[in-house]
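Below is one structure, written out as structure tokens, with a few remarks after it.
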Amino acid sequence: MQYRFSERVAGMQSSVIRDMLKLAQGKDMLSFAGGLPDAKLFPVEAIREAAARVLTDRAAEALQYGPTEGDRQLREWLCAQAAAAGTGATPEETLLTTGSQQALDLAVRALTEPGDIVLVEDPTYLAALQLFGVYGLTVVPVASDADGPLPDEVKRLIQAKRPRLLYAVPTFGNPTGRTWSTERRRVIVQLCGAEGVPILEDDPYGALRFEDGEREPSLFTLAGSCKGSPVVYLGTFSKTIAPGLRTGWAMGDATVIRMMAKAKQASDLHSSALDQRIIVQLLADFPLVDYLRDVAREYGRRMDLMQRELASHRIEGLRWEEPRGGMFLWLTLPEALDAEALLRASLRQGVAFVPGAPFFAGVQERNTARLNFTGLDDERMVKGIGLFAEAINEFLAR
Ligand code: PMP
């Protein structure tokens, strides 16, 4: 049998980096490469109890087929959260999905045609770039400064390119950890609203803010209400409870949500009702806000430790930006250093990380790297950064 594969999927680049990391898997690697929350911090006991209660009290409902839009109680809970943050949303303006990755997929399917243009920050989330490629979109990067995308550039590109979408991770972004200022958020929401360009706000990390204090409002909140909003908000429980529960959501104008639900129906009927019921039960019984404060503080402490360790090796030309939340530290390596070549050397030392180049939609900055600081305990983190620094120094000495 000779299969003929679709250009769409067969044409996807298998990344050299992914292949390298795959080869290194399971070899007791000290890995800064993943984007995984620390499994040791999962609220396992509370999830166990919630699952047991669901299967004791409401097994039929949890194990039966359910509506495509997802569990109504969970959608109501999400709407109450949105209302507390300042945006009215109804369950009809909310769709539960299999992680926010599926929400992103459905939004792109509902809102674009092959050949359309999507504006992105540069660098941006790699799996979003891959998804845009699968759907035949042309990705156009927008120049940014420390506050976020430059409004004049966004305006110019909207007028010159007529994009169908702006995709953004405005809070503790992946891979950079950057966060847009409140004022810039306001301007971009206003601008895209006026120009009729929908914004996909992907927000998996917003709840992982290291310190209490002022929070930038989401773009979705700034838009005010779902009806007629330019913003489609994509959320997830992956970083706040556990990614294995595969539960995310989209919120936005009811017409968009209905189209996304239509696309979802053809794809998987609905997301796991059992997982959704477990989350509803957990939210009723477990102090999620307190738990998240502790998790975020712990991640902040590890981020501090990573920075201290990196600084202690005094590598000339090594820079990074300090994130205020999330899971990643974005490094600029000494100019002459190619991060992919460095990865090869560093894997031999037993340390993995992700070179930055593939995250770029425009010109690839090859001397960049993304380090995850949530996956390793202190001892392994210190050891890993030591070996990483050694690999850099060896390279620089060549
Ligand atoms: N968006 C971004 C920016 C991410 O970093 C991730 C997870 N790595 C996702 C979406 C997808 O997360 P999930 O499907 O687990 O909700």
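Once region 135-167 is narrowed to residues that are of a type in the set (A, V, I, L, M) and within 16 Å of the ligand (Cβ to nearest atom), the residue that is nearest to Lys239 (Cα to Cα) is Leu166. Being touching a residue at least 24 places away in the same chain (Cβ under 8 Å), within 16 Å of the ligand (Cβ to nearest atom), hydrophobic (A, V, I, L, M, F, W, C) and within 22 Å of Glu195 (Cβ to Cβ) is a condition met by no residue of region 271-285.
If only residues of region 84-97 that are surrounded by fewer than 22 Cβ atoms within 10 Å (Cβ to Cβ) and modelled with pLDDT of 95 or more are counted, the one that is nearest to the ligand (Cβ to nearest atom) is Pro91.
Criterion applied to Ala296, Ala263 was being in contact with an Asp or Glu (Cβ under 9 Å, 6 or more places away or on another chain) and surrounded by fewer than 20 Cβ atoms within 10 Å (Cβ to Cβ), and the one residue passing it is Ala263. Among the residues of region 235-245, the ones that are closer than 23 Å to Ala168 by Cβ and either within 7 Å of the ligand (Cβ to nearest atom) or more than 13 Å from the chain's Cα centre (by Cα) (or both) come to 3 in all. Looking only at region 168-204, filter to residues that are among the small types (Gly, Ala, Ser) and closer than 22 Å to Met327 by Cα; which one of those is nearest to the ligand (Cβ to nearest atom)? So, considering only residues that are among the small types (Gly, Ala, Ser) and closer than 22 Å to Met327 by Cα, the one nearest to the ligand (Cβ to nearest atom) is Gly173. At least 3 residues being more than 30 Å from Leu191 (Cα to Cα) is the threshold, and among the helices (runs of 4 or more DSSP H) wholly inside region 211-301 those reaching it are 254-268, 273-285.
Yes or no, residue by residue, for (1) of a type in the set (Asp, Glu); (2) assigned to a strand (DSSP E or B); (3) more than 13 Å from the chain's Cα centre (by Cα); (4) on the phi > 0 side of the Ramachandran plot:
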{"residue": "Thr124", "(1), (2), (3), (4)": "no, no, no, no"}
{"residue": "Pro141", "(1), (2), (3), (4)": "no, yes, yes, no"}
{"residue": "Ile158", "(1), (2), (3), (4)": "no, no, yes, no"}
{"residue": "Arg178", "(1), (2), (3), (4)": "no, no, no, no"}
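Output the residue which, of all residues in region 323-336 that are part of a loop (DSSP other than H, G, I, E, B) and modelled with pLDDT of 95 or more, is farthest from the chain's Cα centre (by Cα). Top of the filtered list is Leu333.
Restricting attention to region 1-42 and to residues that are in a helix (DSSP H, G or I) and touching a Ser or Thr at 6+ places or on another chain (Cβ under 9 Å), the residue that is surrounded by the fewest Cβ atoms within 10 Å (Cβ to Cβ) turns out to be Leu41. For Arg308, the conditions (1) without any contact (Cβ under 8 Å) to a residue 12 or more places away in the chain; (2) over 21 Å from the mean Cα position of the chain (by Cα); (3) farther than 24 Å from Arg178 by Cβ all hold with the exception of (3). Within region 98-122, the residues that satisfy the criterion of being in contact with a Leu (Cβ under 7 Å, 6 or more places away or on another chain), part of a helix (DSSP H, G or I) and within 16 Å of the ligand (Cβ to nearest atom) are Ser100, Ala103, Leu104, Asp105, Ala107, Val108. The selection criterion, being within 14 Å of the ligand (Cβ to nearest atom), part of a helix (DSSP H, G or I) and within 30 Å of Trp330 (Cβ to Cβ), does not hold for Gln81.
The values are calculated or read from the model by the stated rules, or taken from the named source; none is laboratory data. Nothing here was measured: the structure is a model prediction, and the numbers come from that model. Methodologically, a virtual Cβ is constructed for each residue, glycine included, from the backbone with ideal geometry; neighbour enumeration extends over all protein chains shown.
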